[in-house]
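Quick notes on the structure that follows.
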Amino acid sequence: RIIELTGAVLVVSSVWRLSRSVARLQCILNKQGVKGTVLDRTSRIMHSFKRDDAPERPKGHYVLADYRYEQAKRGEEIQEWLDDWKALHPGEKMVFVILDDDRDMLHLMDRLVWTGAMDCTPGLLPEHVEPVVKILKGVTW
């Protein structure tokens, strides 16, 4: 219904993107009845931090065990995709909304329609349609 009302395309940022191609994501969503086009998927960003207990090593020596790794917040990965899109389409406006059951969107929280629920009801529900359409039809970035 959202796609019918807005003509939106999809960029997948869920953990599904990590092990699936855009074509595979399209097939999965089509089988679930989604009629939209999967345009792309966001990248996974990992941050590395030198461990406090890592020993001193000679200059130029790099040992993986000396570092810890942490995945970036979802909002950071989405922002990277938005920045790349904007660089490839200078002067064009992007209207977007984030549908997610998590709330790690950082400064993009005003674009989030939270699809989680206390009773563990999965996914996008009819009550999500109105706020999504409102964002897509009224706010530009």
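Scanning the stretch 12-24 for residues that are open to solvent by less than 90 Å² (accessible area, probe 1.4 Å) and over 21 Å from residue 125 (Cβ atoms) turns up 17, 18, 20, 21, 22, 23. Restricting attention to the stretch 1-36, the residues being part of a helix (DSSP H, G or I) and free of Cβ contacts under 8 Å to residues at least 24 places away in the same chain number 13. Of everything in the stretch 61-105, what is under 12 Å from the mean Cα position of the chain (by Cα) and open to solvent by 60 Å² or more (accessible area, probe 1.4 Å)? Give them in sequence order. 73, 76, 80, 99, 101, 102, 103, listed by residue number. Picking from residues in the stretch 37-54 that are of a type in the set (A, V, I, L, M, F, W, C), modelled with pLDDT under 90 and assigned to a strand (DSSP E or B), the one that is surrounded by the most Cβ atoms within 10 Å (Cβ to Cβ) is 49.
The values are calculated or read from the model by the stated rules, or taken from the named source; none is laboratory data. Predicted model only: the values in this text are computed from it and were never measured. No Cβ is skipped: glycine too gets one built from the backbone with ideal geometry, and neighbour counts run over all protein chains shown. Keep in mind that these areas ignore ligands, DNA and RNA; they rest on the heavy atoms of the full protein, side chains included. Shrake-Rupley method; radii C 1.70, N 1.55, O 1.52, S 1.80 Å.
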